[in-house]
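Enquirer: Take a look at the following structure, please.
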Amino acid sequence: MAELMVDKLTEIQPDTDIVLVSGDFVSHGYAVKRGSEEDHYDELKVALHDVFVDLLGTRFPNSIILPAIGNNDIRFHYIAPRQDEEAADYYSFLSNMLFTEVPGNSGVNRRQIDRTFKKYGYYRYDIHPTCDGETCLSIISFNSLYNSLNRPRDSEEDIAQAQLEWLYDNLETAEEGRKFIVFMHIYPGQYQVFQETYFWDDSTTEKFINIMEMHSEKIMMTLGAHTHYSDLRVNIPYTENSDEEPVAKFSMLATPSFSLSNYNNPGFTRFVVRNNTVQDLKLTFMNAHHFPQEPKNARFNELDYKKDLGLETWTHKNVQDVIKNTLENNWSLFMRYLGWKVGFQGLISMYGVFIQDFLALWVSSQAPSSSVLPDM
C-alpha cells in the first residue's frame, strides 16, 4: 500500500521540494509495550531504513525528506527514547540514516538539526537561511511523544517543558518575515466539525496553544497525524457575552495515513508555499468504493480545498470560516466532504438523505460534550 501511494504522489507531483513525514513511519507492532518479553528494536531500525532510504529516498532523490516521530516508530510504544537508555543510539541512528543515506538531504544543514534532534528528537530547519526573498520558511518538527496523554507517569517531564520553552524561543526571536510550518505526529486536539477531541493533557495543551497563539502571525501552518484520517482543526478562544464569534489564532490540518491499519481511507496531502502563504492545498485519497485487486487498477479522489471548500490560502481565520460557516451550515457539502475523506463517494451520494438524518441525530446528542479518541 505504501508503495502504491508513494508512486501516485510521484506521478502527480514529481518535482516535490520537501516531503514531511508526520510519524508512524512503520506499521503497528514494531513498538512493544515496556516490560514485554518481545523486543523488535533491531527489526525497527531495518524497517525505518526501508521507508526512508529504499522507499522515499529512491522515489524522491532530489527532495528534502524530514520526519516527525510517531508513537509506533520507537522501541516502546508511546514512550520517547529515554536519556538513560536508548535515546543516544536511536536518535543518532535516525540522524545518520537521514543525512548520509537519503540523497535529497545531502545539502541539508545537519548541524542546525542535530543541535536538538540527536538528543531529544525535535528540531528546526531553515529552508531559507535568510529572509531576503518573497518566502522565508522554517520547519519545526515537534516531538509530541513527550506530550501525549498515553505517555507513562515516569516520562521525562523536564524534556517536555524544555521543548515548549525551545519552541517559544524559536518563535519569539525569529527575524522579521520568517514563517514556520510546525508539524508533529500526536497533535493536541482542537475544535473540528461539531465536536472537540484531545490527545494531550490540559496543562500541556494550554501552554502549547498559548505559545502558538502569541506568535500566530509567524505560523504559516501546523500539521498533525496520528488519527489516520484527515481533518481540519481550529482553536476558537472562549469569550463571555459576545454576540460575535472570536477569531481563531491557531489552526491545524490532520493529515491522512498511507495505510489501512485504522480502517481509514489511504491518502496524502500536498500544497504550495508561495509569497509566505500555503496555497493550492489538495488531498488525494484512494477511492475505497472501487477497491483494486491489483495496484494498477486503483482509483483516486481529490479534495481541492480552494475549488471545493473555498479555502484559497491557509490562515487561521479562513480555516475557522470553512469549519463554522461552510461545513457546519451546508449539509450537502458536508456529506461530500465526508465522501471525499472516506473514499465511498458513490455510497455517500446514494444514501445521502439517510446519512444526513443519522448525522443530524448524532450531532444533536454529541455536540455539547468533548471526547477523547481511543488509543491509536
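The values are calculated or read from the model by the stated rules, or taken from the named source; none is laboratory data. This is a predicted model, so every value here is computed, not measured. Cβ placement follows ideal geometry from the backbone for every residue including glycine, while neighbour counts extend to all protein chains displayed. Only protein heavy atoms, including side chains, enter the accessible area calculation; ligands, DNA and RNA are left aside. Shrake-Rupley method; radii C 1.70, N 1.55, O 1.52, S 1.80 Å.
Enquirer: Direction-averaged shadow area of the convex hull around the Cα atoms of region 1-139, nm²?
Expert: Working: hull surface 35.8 nm².
Taking a quarter of the hull surface, the average projection is 8.9 nm².
Enquirer: Rounded if a/c is under 1.5, else prolate if a/b beats b/c, else oblate: with a ≥ b ≥ c from the C-alpha gyration tensor eigenvalues square-rooted, which is the chain?
Expert: Working: a/c = 1.36, a/b = 1.21, b/c = 1.12.
Judged from the Cα gyration tensor, the chain comes out rounded (a/c under 1.5).
Enquirer: Percent relative contact order of the chain, based on C-alpha pairs within less than 8 angstrom and at least six residues apart? Could you put the intermediate results ahead of the total?
Expert: Numbers: 672 pairs, mean separation 48.2, N = 376.
Over the chain, the number comes to 13 percent.
Enquirer: Just to be sure I follow the definition: excluding the sites themselves, where is the longest run in the chain that has none of the trypsin sites (Lys or Arg not before Pro) in a DSSP loop with at most 14 other Cβ atoms within 10 Å? Don't jump to the answer; show the numbers that get you there.
Expert: Details: sites that count: LYS33, ARG34, ARG153, ARG299.
The longest uninterrupted stretch comes out as 154-298.
Enquirer: List the residues whose amide H sits under 5 Å from the amide H of VAL19, counting only those 5 or more places along or on another chain, with H placed 1.01 Å from N in the peptide plane.
Expert: ILE64, ILE65, LEU66
Enquirer: Further question: What nm distance separates the two modelled labels at MET214 and MET1, each placed 7 Å from Cα along Cα→Cβ?
Expert: My value for the distance between the label points is 4.1 nm.
Enquirer: Quick check: pseudo-label points 7 Å beyond the Cα along Cα→Cβ at ASP280 and ASN109, how many nm apart are they?
Expert: Label at ASP280, label at ASN109, 2.7 nm between them.
Enquirer: Now, a different point. Once a ≥ b ≥ c are taken as the square roots of the eigenvalues of the Cα gyration tensor of region 12-63, is the result rounded (a/c under 1.5), prolate (a/b larger than b/c) or oblate (a/b not larger than b/c)?
Expert: Values: a/c = 4.30, a/b = 2.68, b/c = 1.61.
Prolate, since a/c reaches 1.5 and a/b exceeds b/c.
Enquirer: At 222 nm, what helix-only mean residue ellipticity would the chain give, in deg cm²/dmol to the nearest 500, using -39500 (n - 2.57) for each DSSP H run of four or more?
Expert: On the way: 11 runs with 118 residues, N = 376.
Counting only the DSSP helices, I get -9500 deg cm²/dmol.
Enquirer: Taking a probe of 1.4 angstrom, what is the accessible area of ASP304 in Å², to the nearest 10?
Expert: Its heavy atoms expose roughly 20 Å² to the probe.
Enquirer: Another one. Would you pull out the residues with amide H under 5 Å of PHE250's amide H, same chain only if 5 or more places away, H placed 1.01 Å from N?
Expert: HN-HN under 5 Å from PHE250: ASN235.
Enquirer: Given contacts defined as C-alpha pairs under 8 Å and at least six residues apart, what's the relative contact order of region 1-95, whole-number percent? It would help to have the intermediate numbers written out before the result.
Expert: Details: 111 pairs, mean separation 35.5, N = 95.
With pairs under 8 Å counted, the relative contact order is 37 percent.
Enquirer: How large, in percent, is the carbon and sulfur part of the accessible surface of the chain at a probe radius of 1.4 Å?
Expert: Values: 8300 of 17360 Å².
The nonpolar share, carbon plus sulfur, comes to 48 percent.
Enquirer: When only DSSP loop residues count, what GluC sites (Glu not before Pro) in region 29-100 have their Cβ near at most 12 other Cβ atoms within 10 Å?
Expert: Details: sites: GLU37, GLU38, GLU43, GLU85, GLU86; in loops: GLU37, GLU38, GLU85, GLU86.
Loop-located and lightly packed - GLU37, GLU38, GLU85.
Enquirer: Mind listing the phi-derived Karplus ³J(HN,Hα) values for region 24-34, rounded to whole Hz, using 6.51, -1.76 and 1.60 with θ = phi - 60°, and x for any glycine or proline?
Expert: Each residue of region 24-34 in turn: 6, 5, 10, 6, 4, x, 5, 6, 10, 6, 4 Hz.
Enquirer: Over 27 Å between Cα atoms, which of LYS118/LYS179; LYS33/LYS218; LYS249/LYS341; LYS119/LYS341 qualify?
Expert: Numbers: LYS118/LYS179 24 Å; LYS33/LYS218 38 Å; LYS249/LYS341 25 Å; LYS119/LYS341 37 Å.
Long pairs (Cα-Cα over 27 Å): LYS33/LYS218; LYS119/LYS341.
Enquirer: Report the accessible area of SER155, computed with a 1.4 Å probe over the heavy atoms of all protein chains in place, in Å² rounded to the nearest 10.
Expert: SER155 has an accessible surface of roughly 20 Å² with all protein chains in place.
Enquirer: Which far-off residues, 5 or more places away or on another chain, put their amide H under 5 Å from the one on LEU311, with H placed in the peptide plane?
Expert: LYS306
Enquirer: Which length gain, in nm to one decimal place, applies between GLU11 and TRP331 when the Cα-Cα distance is subtracted from 0.36 nm times their residue separation? Let's see the in-between values first.
Expert: Numbers: separation 320, 0.36 × 320 = 115.20 nm, distance 3.34 nm.
Difference between extended and current length: 111.9 nm.
Enquirer: Subtracting the Cα-Cα distance from 0.36 nm times the residue separation, let me have the gained length for ARG299 to ASP169 in nm, one decimal. All intermediate terms of the calculation are to be shown ahead of the outcome.
Expert: Working: separation 130, 0.36 × 130 = 46.80 nm, distance 4.53 nm.
The ARG299-ASP169 span can extend by a further 42.3 nm.
Enquirer: Separate question: For the chain, with every protein chain kept in place, what is the accessible area per residue (1.4 Å probe, Å²)?
Expert: Working: 17360 Å² over 376 residues.
For the chain, the per-residue accessible area is 46 Å².
Enquirer: Just to check I understand the Karplus step: with θ = phi - 60° and J = 6.51 cos²θ - 1.76 cosθ + 1.60, what whole-Hz values come out for region 109-114, glycine and proline as x?
Expert: 6, 5, 4, 5, 5, 5
Enquirer: Between SER203 and ARG153, what is the label-to-label distance in nm when each label sits 7 Å out along the Cα-to-Cβ direction?
Expert: 1.4
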